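Right, one structure below, let's go through it.
The values are calculated or read from the model by the stated rules, or taken from the named source; none is laboratory data. Note that this is a predicted model, so its numbers are computed, not measured. Quick reminder, even Gly has a Cβ in these numbers, built from the backbone with ideal geometry, and neighbours come from all protein chains shown.
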Amino acid sequence: MLQTVRAFVAIDPPPPAIQTIAGIQDQCKTLGLDASWVKAKNIHLTLRFLGNISPRQVSEIKLRLTEIAGQTSAFEFSLSRLGVFPNLQRPRVLWVGLESSGHSLEALQKKINGQMQALGFPPATKQSVPHLTLARIKSPRNTDGLRRAIESGGQVVSEPLEVSSIKLYQSRLTSHGSLYSVLGNFTLKG
């Protein structure tokens, strides 16, 4: 039987972004949320979740990502605002949004989705909000303060941060959370 791996394509935020995000998490922790906080080393921007894939598919995906990276220039993004999924009345995921210069992030995601669809993966089902997950909220305890913070603006100020590569990750689910390992690193042009 072929062993499959649970995989996704992502961008790792550069260290200055991780420092900013850790500061935001520290501020939000003072709200007393019943939440599971994402460790800094696990924070990433998922561009495409692939699910369980075979070793043959890993090779094909690596070829496509190498091609995409060779056609895509490095670009910048900024952290923009706090938000929650699915909504403020029932927050389950706390995140910080991203904005890229000239829609570069959206264009990269569109290329990846197109290539994955060409390999037989289903089309992306919805337009995703570019974000980095900060925490998973377990219960509504103390979410009123979070709601007020987001409704009053929730703006995040950051310097522009460079995206210079995309990665193919394997995700292993354990009782202590997800463990990620890099299956491939693909450097963007420039």
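The table that follows gives values for the structure above.
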read-out: Answer from A118, A135, A149 - the residue that is in contact with a Leu (Cβ under 8 Å, 6 or more places away or on another chain) and at pLDDT 95 or above; value: A135
read-out: Pick from the range 36-45, criterion under 14 Å from Y180 (Cα atoms) and in contact (Cβ under 8 Å) with a residue 60 or more places away in the chain, ranking: farthest from the chain's Cα centre (by Cα); value: K39
read-out: Which numbered condition L179 fails, given (1) free of Cβ contacts under 8 Å to residues at least 24 places away in the same chain; (2) not in a strand (DSSP E or B); value: (2)
read-out: Residue within the range 147-157 that is in contact (Cβ under 8 Å) with a residue 40 or more places away in the chain and under 20 Å from I11 (Cβ atoms) present; value: yes
read-out: Answer from R148, R172, R141, R90 - the residue that is basic (K, R) and closer than 16 Å to I43 by Cα; value: R172
read-out: All positions within the range 47-69 that are assigned to a strand (DSSP E or B) and buried (at least 18 other Cβ atoms within 10 Å of the Cβ); value: L47, R48, L50, I53
read-out: Pairs where the first residue, in the range 160-174, is β-branched (V, I, T) and the second is part of a loop (DSSP other than H, G, I, E, B) and surrounded by 19 or more Cβ atoms within 10 Å (Cβ to Cβ), C-beta under 8 Å, 6+ apart; value: V163/L188; I166/L188
read-out: The lone exception for A135 - which of (1) touching a residue at least 60 places away in the same chain (Cβ under 8 Å); (2) assigned to a helix (DSSP H, G or I) it fails; value: (2)
read-out: Failed condition for L33, given (1) in a strand (DSSP E or B); (2) at pLDDT 95 or above; (3) aliphatic (A, V, I, L, M); (4) under 30 Å from N142 (Cα atoms); value: (1)
read-out: Count of the range 1-30 residues which are of a type in the set (A, V, I, L, M) and either within 14 Å of W95 (Cβ to Cβ) or assigned to a strand (DSSP E or B) (or both); value: 8
read-out: When residues of the range 70-88 are limited to those that are among the polar types (S, T, N, Q) and surrounded by 15 or more Cβ atoms within 10 Å (Cβ to Cβ), the one nearest to P14 (Cα to Cα); value: S78
read-out: Positions within the range 93-140 being of a type in the set (K, R) and surrounded by 12 or more Cβ atoms within 10 Å (Cβ to Cβ), in sequence order; value: K110, K111, R136
